[in-house]
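Participant: Before we start, here is the structure in question, set down as structure tokens.
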Amino acid sequence: MSQTLQAAARFDAETTPLVEMRGIEKHFGGVVAVDGVSLDLRPGEVVGVLGHNGAGKSCLMRILSGAMAPSRGEIRIAGDVVEMGSPQDARAHGVETIYQTLALADHLDAPSNLFLGRELKTRFGNLDDKRMLAEARKVLATLNPNFTNLKDPVSSLSGGQRQVIAIARAIYFDVKILIMDEPTAALGPSETAMVADLIRKLRAQGIGIFLVSHDMHDVFDLCDRVVVMNKGKLVGAHDIDEVHKDDILSLIIKGELPTDWRPRNLGELEAAR
Amino acid sequence: MANISQPSQGAWTRMLPNSAAAFHRISALLTLAILVIAFSFASPAFLSVNNTLTILLQTSVIGLLGIGMTMVIITGGIDLSVGSVLALSGTVTGMMVKAGVPVVPAMMLGVCMGAACGLFNGFVVTKMKITPFVATLGMMLIARGAALQLTGAAPISQLGEAFGVLGNGALFRVVEMGDNGFPRVIFPGIPYPAILLVVVAIVASYMLRRRAIGRHIYATGSNEEAARLSGVLVDRTKLIAYTLSGALAGVAGNVLMSRLITAQPSEGVMYELDAIAAAVIGGASLMGGVGGISGTMIGAFIIGVLRNGLNMGGVSSFIQQIVIGFVVIGAVYIDQLRNRR
Ligand SMILES: Nc1ncnc2c1ncn2[C@@H]1O[C@H](COP(=O)(O)OP(=O)(O)OP(=O)(O)O)[C@@H](O)[C@H]1O
Ligand SMILES: [Mg+2]
């Protein structure tokens, strides 16, 4: 119970949110993929983003990561309005992304992918493959101790290994805001547990995380807050303590809470008051 | 049992992908060796110093074009314009020389002309979003038309001795005055075009393997969207590849015209196909992301040796086309067999 109150206190109104998205829209011709979404993320907060397939979760995340320009809307990072014109812009603001598609170059090996676009170089501007290999070995080992085939093209790796590379790439650099679009979809149970540990560790460091997931268990296990998208619209945003899994399912499927909904922790809240 | 076989199997599979690229190069190298041996048995003159130099000269043009082509192919594109750009560049140089410009700056201008054509290709591909096949097909017609128009379709000859040095000169050439008053060649030297080819190949290989731009070229061809999301400037990468291809076509044009000591606006027709064949025989994939300079060099020499050897054997150029056509298909087929494993 005291834990709940502490959690609430961590996100009081005074801390400036890391991310403030306001009125984000994305149109593809006639299709409205994201429809006027406003959403905040605070330091050290894990926000679960849920919704049916095609709800617009990935589009919203891609807009924040600079991969896609919004049709309308505004993004603030640490209080300042920013233009996310390219993935480089987003990275410059500390936004790192694990894309649902992983975004790996199949013919390159793991270190080359990890450092793609941000290669380590020697004094003469040559690629420092030795150092990149050593660094990659280090960071990959923290996620999957069995990762040894670092010199193979990533096309020959398993889905889980590929996902681990995408995760490693996002956390290796100076990350403040982490977007994880279904990061554990291809992972086995032990790797998933490692990613869960990683998320807790990053959150403790004050990093803000958007976790897009279909796994209700993970979401309830890891998130402080959960938001639900339905047909491009944000239909719900709740502290994880005040909802049941069934409430969230109802939001995902029907786009609204059950009519008889009451906050799960109503008793606690009243007791605290 | 399982315990014994597993480690060795693991080691084997780990080696496979790396050895796969090497496998292709080795098989291409083997093909080249077999060709050389077969031709030298068929005709003793094949391995003579003079004929070896001829092969070097002939291969240098395909090789230069092939290096640029390889970079473009690795990005997932293709450059059909190199044969025409070669002609336009050589023609521009010839006209400059004719107009009184000294040879070296004239040649530089010719190479710049080629680079400009390549830059235009890159612009059409990246900014106008036209597929490389169509974009460079357009440039193929534009450059050829320009070369023919500029010259009135007539070759420019009598360009002077200095113009012929690049194509006909050689390093370490040793000539002795004979007793009969005629010069006697003791060592024919290393032809400049061959030296140029080696230098360009080494620089290009260094660029592709050791510099960030090279890595970005591979990444762009491997998965363009992934490269973009990783922060690779995909458009800039492609622009550089096409510009280099154009510039190298310009260099090749100058080498070729210098060798003929004539600027020929109708030279280089279908050379782009030889360049593509060299890259593909050397292991480059038209799907992008795969290829290398050493492979392309082997491919260029296979084509050069094949042409030369068949010529010496009195085989008609039509039959040569047929043979090279089958070689290209065979090389790609072997490559696919390897990838299917
Ligand atoms: N590049 C695009 N061009 C056209 N339509 C698109 C594009 N990207 C996404 N869409 C559309 O936008 C909508 C939202 O897609 P999005 O990928 O954001 O869904 P999602 O919530 O991530 O779904 P999933 O759970 O399957 O990953 C879909 O209707 C999709 O068809
Ligand atoms: Mg998605």
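The values are calculated or read from the model by the stated rules, or taken from the named source; none is laboratory data. Keep in mind that this is a model prediction, so the values were computed, not measured. Note: ideal-geometry Cβ built from the backbone for every residue, glycine included; neighbour counts use all protein chains shown. Just so you know, the surface numbers come from the protein's heavy atoms only, side chains and all, with ligands and any DNA or RNA stripped out. Shrake-Rupley method; radii C 1.70, N 1.55, O 1.52, S 1.80 Å.
Participant: Between region B:186-249 and region A:214-254, how many Å separate their Cα centres?
Facilitator: Cα centres, region B:186-249 to region A:214-254: 50 Å.
Participant: Ignoring ligands, DNA and RNA, how much accessible area is buried between chains A and B, both sides summed, with a 1.4 Å probe, to the nearest 100 Å²? Kindly include the intermediate steps, with their values, before the conclusion.
Facilitator: Details: alone 13490 and 17090 Å², together 28360 Å².
Counting protein atoms only, the buried area is about 2200 Å².
Participant: OK, next. For A:H93, A:H244, A:H238, give the ranking by accessible area with the largest first, probe 1.4 Å. Display every interim value, and only then the final one.
Facilitator: Numbers: A:H93 65, A:H244 95, A:H238 20 Å².
Greatest to least solvent exposure: A:H244, A:H93, A:H238.
Participant: Still on this structure, I have one more. Given R₀ = 45 Å, what would the calculated FRET efficiency be for B:I26 paired with A:A185, taking r from the Cβ atoms and rounding to 0.05? Let's see the in-between values first.
Facilitator: Details: r = 40 Å, r/R0 = 0.88.
E(calc), rounded to 0.05, equals 0.70.
Participant: Assuming R0 = 51 Å, what is the FRET efficiency of A:A141 and B:E161, from their Cβ-Cβ distance, to the nearest 0.05? List each step's numbers first, then the result.
Facilitator: Details: r = 66 Å, r/R0 = 1.29.
Plugging the Cβ-Cβ distance into 1/(1 + (r/R0)^6) gives 0.20.
Participant: Here's another thing I want to ask about it. If one computes P(r) from the Cα atoms of chain B, what percent of pairs lie at distances over 39 Å?
Facilitator: Details: 10154 of 57970 pairs.
In whole percent, the share of Cα-Cα pairs in chain B beyond 39 Å is 18.
Participant: Can I ask one more? Would you mind checking the pairs B:K98/B:K238; A:K57/B:K129; A:K231/B:K129; A:K57/A:K176 and listing those with alpha carbons more than 24 angstrom apart?
Facilitator: Working: B:K98/B:K238 35 Å; A:K57/B:K129 28 Å; A:K231/B:K129 31 Å; A:K57/A:K176 20 Å.
Violating the 24 Å limit, Cα to Cα: B:K98/B:K238; A:K57/B:K129; A:K231/B:K129.
Participant: Counting only heavy atoms of the protein chains, get the accessible area per residue of region B:20-340 (1.4 Å probe) and round it to a whole Å² value. Walk me through the intermediate numbers first.
Facilitator: Details: 14080 Å² over 321 residues.
Result: 44 Å² of accessible area for each residue.
Participant: Leaving ligands, DNA and RNA out of it, report the carbon-plus-sulfur percent of the accessible area of chain B at a 1.4 Å probe.
Facilitator: Values: 11280 of 15950 Å².
C and S fraction of accessible area: 71 percent.
Participant: Here's something else I'd like to know. What's the magnitude of the charge dipole for the protein assembly as shown around its Cα centre, counting Lys and Arg as +1 and Asp and Glu as -1 at the beta-carbon? Answer in Debye, nearest 20.
Facilitator: Working: 51 positive and 48 negative charges, 321 e Å.
Magnitude of the dipole: close to 1540 debye.
Participant: A further question on this structure: Could you work out how much longer the chain between A:T15 and A:A193 gets when fully extended? Use 0.36 nm per residue separation minus the Cα distance between them, nm to one decimal.
Facilitator: Numbers: separation 178, 0.36 × 178 = 64.08 nm, distance 3.02 nm.
This chain segment gains 61.1 nm when fully extended.
Participant: Further question: Could you compute how much accessible surface A:D241 exposes when probed at 1.4 Å, giving the result in Å² to the nearest 10?
Facilitator: Roughly 50 Å² of A:D241 is accessible to a 1.4 Å probe.
Participant: Moving on to the next point. Distances over 17 Å make up what percent of all Cα-Cα pairs in region B:96-135?
Facilitator: Value for region B:96-135: 45 percent of Cα pairs lie more than 17 Å apart.
Participant: Residue separation times 0.36 nm, minus the C-alpha to C-alpha distance between B:I34 and B:K98: what's the value? Present the calculation step by step, with values, prior to reporting the outcome.
Facilitator: On the way: separation 64, 0.36 × 64 = 23.04 nm, distance 4.52 nm.
Length gained between B:I34 and B:K98: 18.5 nm.
Participant: With label points built 7 Å along Cα→Cβ from the Cα atoms of B:M270 and A:H244, find their separation and express it in nm.
Facilitator: Label-label distance for B:M270 and A:H244, simple model: 7.8 nm.
Participant: A further question follows. Quick one: grab Rg to one decimal and Dmax as a whole number for region A:105-173, Cα atoms only, in Å.
Facilitator: Final numbers for Rg and Dmax: 11.3, 36 Å.
Participant: Write down the radius of gyration of the protein assembly as shown and its Dmax, each obtained from C-alpha positions, in Å.
Facilitator: My reading of the Cα-based Rg and Dmax gives 30.9, 120 Å.
Participant: Ordering A:I171, B:I261 by how much accessible area each has at a 1.4 Å probe, largest first, what is the list?
Facilitator: Correct descending sequence by accessible area is B:I261, A:I171.
Participant: Given the protein chains as shown and a 1.4 Å probe, how many square angstrom of A:T16 are accessible, to the nearest 10?
Facilitator: Roll a 1.4 Å probe over it and A:T16 shows about 80 Å².
Participant: For A:T259 paired with B:F318, estimate the spin-label separation in nm (one decimal), with each label point 7 Å from Cα along the Cα-to-Cβ line.
Facilitator: Distance between label points: 8.7 nm.
Participant: Would you work out what percent of the accessible area of chain A, with all protein chains in place, is carbon or sulfur (probe 1.4 Å)? Working shown, then result.
Facilitator: Values: 6230 of 12410 Å².
Of all accessible area on chain A, carbon and sulfur atoms account for 50 percent.
Participant: Largest first and in whole Å, give the semi-axes of region B:197-341's equivalent ellipsoid, each being the square root of 5 times a Cα gyration tensor eigenvalue.
Facilitator: Working: eigenvalues 175, 91, 31 Å².
Over the Cα atoms of region B:197-341, the ellipsoid semi-axes are 30, 21, 12 Å.
Participant: May I pose another question? What is the distance in Å between the Cα centres of region A:189-209 and region A:78-151?
Facilitator: Value for the Cα centre distance between the two parts: 18 Å.
Participant: Using a simple charge model, +1 on the beta-carbon of Lys and Arg, -1 on the beta-carbon of Asp and Glu, nothing else, what dipole does chain B show about its Cα centre, in debye to the nearest 20?
Facilitator: Roughly 820 debye, rounded to the nearest 20.
Participant: Next question, about the same structure. Given R₀ = 25 Å, FRET efficiency for A:S156-A:K130 by Cβ-Cβ distance, to 0.05? Spell out each step's value before the answer.
Facilitator: Numbers: r = 22 Å, r/R0 = 0.88.
For A:S156 and A:K130, the calculated efficiency is 0.70.
Participant: Take the alpha-carbon centre of region B:21-78, take the same for region B:125-185, and report the distance between them in whole Å.
Facilitator: About 20 Å separates the Cα centre of region B:21-78 from the one of region B:125-185.
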